[in-house]
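Every number here is computed from the coordinates shown, using simple stated rules; none is lab data. Model, not experiment: these values are computed from the prediction. For neighbour counting, all protein chains shown are included, and Cβ atoms are generated from backbone atoms with ideal geometry for every residue, glycine included.
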Amino acid sequence: MQEKIRIVVRDNGRVIKGDLTRTVAARGNFTFSTHPTSLFFEQVGSSLGTGFVGQGTATILAATTNVVCTAMIVDASAAIPAFAVALHMQRFNPLAGTEE
């Protein structure tokens, strides 16, 4: 079953900088980015084109609970980044019986 995934990026003033919805195949994956990177091979149409976002938020929405997301901040200009930081994800509607 395909999954519809949406990501909305806002800056620190809550202004929407990017809003993109894509359909992902069952057991597939998709890489979104605020702008193209050298480290990841983003699919065509996956860049949100936000430009610089200093201290903002990204809200990731999915139609079902079958979606798992991860997020990173990376040095976009380098194939071997000077830094890469995995971000902690927060679920707003936790699954029953889970702790996040």
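Which residues, taken from the range 73-86, are closer than 14 Å to residue 32 by Cβ and part of a loop (DSSP other than H, G, I, E, B)? Answer for the range 73-86, where residues must be closer than 14 Å to residue 32 by Cβ and part of a loop (DSSP other than H, G, I, E, B): just 76.
Within the range 18-66, can you find the residues that are farther than 16 Å from residue 8 by Cα and among the β-branched types (Val, Ile, Thr)? Scanning the range 18-66 gives 24, 37, 44, 64, 65. Of the numbered criteria (1) touching a residue at least 40 places away in the same chain (Cβ under 8 Å); (2) under 11 Å from the mean Cα position of the chain (by Cα), the one residue 20 fails is (1).
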